[in-house]
Amino acid sequence: MTNDYVSKMEDILSDASKFSLRSNDDNLQNLTKFQRFLYRLQKKNSLSEEDYHRMYPTSVSTPSLYGLPKTHKPGNPMTPIISAVGSFNHQAAKWLSNVLALLRHHSTIVRDTFSFVEEIQKMIFEAVSWHRLMSKAFSQIFL
């Protein structure tokens, strides 16, 4: 690693509004709490046996931070990326992502701003067309 990379990452980590220095590693404590939480959900039948075993963590590792340079910007500032692979809640996050994926393909979900604008334009066009049609129909009936 170059000194430039390290200094940029240190600048990111020095932002107290986003990061704080921890005096202890509470990964094992969080693991135990999360395991108990999942157990309680499963005992209340709020979580199926299959989902319980899919989410249940058996080991834990500390999430890691790395930076990706924004090569399209002057000075190549870093984008911080936190990898939570192996963390106590990683499997649960994967499970939740799969559950939420079903909603992403719903007709009320908009993919991006371009799709949003396209949908709004269609709605406006349909509303204007409907208004013209109804105006023509009413004028023929009442005039």
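We did not get these values from a lab; they are worked out from the coordinates using the rules stated. Remember, predicted model here, so these are calculated numbers, not experimental data. Note: ideal-geometry Cβ built from the backbone for every residue, glycine included; neighbour counts use all protein chains shown.
Take the Cβ atoms of N3 and R40, set R0 to 41 Å, and the FRET efficiency comes out at 0.25. The alpha-carbon atoms of the chain, seen along their principal axes, cover 82, 54, 22 angstrom, with the largest extent given first. For region 2-12, the Karplus equation 6.51 cos²θ - 1.76 cosθ + 1.60, evaluated at θ = phi - 60°, returns couplings of 8, 4, 4, 4, 4, 5, 5, 5, 5, 4, 4 Hz by residue, with Gly and Pro reported as x.
Within the straight-line cut-off of under 16 Å between alpha carbons, the lysines reachable from K70 are K8, sequence neighbours fewer than 8 places apart in one chain being disregarded. Distance between the modelled labels on S83 and S115, one decimal in nanometres: 2.9 nm (7 Å Cα→Cβ projection).
Across the cross-link table entries K73/K122; K18/K73; K18/K44, which are compared at the Cα atoms, the separations over 25 Å belong to K73/K122; K18/K44. FRET efficiency for the L100 to N27 pair, using the beta carbon distance and R₀ = 25 Å, is estimated at 0.45. In the chain, the longest principal axis of the Cα atoms and the axis of helix 27-43 are about 50 degrees apart. In the chain, excluding the sites themselves, the longest stretch lacking any of the trypsin sites (Lys or Arg not before Pro) that are in a DSSP loop with at most 12 other Cβ atoms within 10 Å is 71-110. Stretching S61 away from N76 to a fully extended chain increases their span by 2.4 nm, per 0.36 nm per residue minus the current alpha-carbon distance. Using C-alpha pairs under 8 Å with a sequence gap of at least 6, the mean separation divided by the residue count of the chain gives a relative contact order of 18 percent.
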